[in-house]
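Okay, so here's the structure we're looking at.
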Amino acid sequence: MHSELECYIRRLARENGLSLAEVARRAGLSRQALYGIWQQGHYPSMGTILNLSRVLGVHPLSLLQQIFPASSTNPDSPSTQPSGTQLVQENNKQITDRSAFIRDETFPDGSQVLANSHCIKSWVLQNVGDQAWIDRYLVCQDNNTRLLAVTDDEDIEIATNIKPDSYYIPIPKTLPGETVTLSVGFTAPPTPATVISYWKMTFADGSLCFKQAKGIWIKVDVITPIKAASETRPTRPVEELSS
């Protein structure tokens, strides 16, 4: 039996104030189907895992870990490291340090912001490993570069990237299974462009926690007030057009 999976689902249900019957209903399952997923020799489909993770408010990986122990998975496989994974030796015991991106709380990819405006970007991450996150930071990985047009008289700045208020965010202590929301302010450049800023988790000494991970980012389209007005300008009623 997948006893770890059963205990995990029951605990999450209690924490969310849900009965198992309600968990099953919201996930589109019968109670018998829900009870069956932790029976010997039965492995739930990815659709079931995704539905349950949505109902229980966790990353799908955290459910899969209860079925397939960390020791039996390949930590270098992209499917097992949505944001980052590493193995840590502690007291002669191998534990897993793993991070998962849950969602963009604000400004998902493709959002529009006005030139020179200020916005607050928030990401939700989950500690899906066995290692508590203590004294860690989310650090901007952008190079401080500018695009310049060089002339005989002066260097004219053509474009700049979106600029964060701070280049690092302290991460509060996050225990295994807990989620954390991390936020930072950004100022958009003065000219229209698609801009992106990359961030990764580091230890207190500045070294990367998950070297092979892509990290997280903000990616927005910077527009001018004129374009914003043209996109929201109301159209004339059909009867006026025909008069």
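Here are some notes:
- For residue 129, residues with placed amide H under 5 Å, excluding near neighbours: 98, 177
- Judged by the mean number of other Cβ atoms found within 10 Å, the most tightly packed of the peptides 124-133, 4-13 leads the ranking 124-133, 4-13.
All of the numbers you see were taken from the coordinates with simple rules; none came from a lab. Note that the coordinates shown come from a computational prediction; the quantities given were computed from them, not determined experimentally. Note that we place each Cβ from the backbone using ideal geometry, even for glycine, and neighbour counts take in every protein chain shown.
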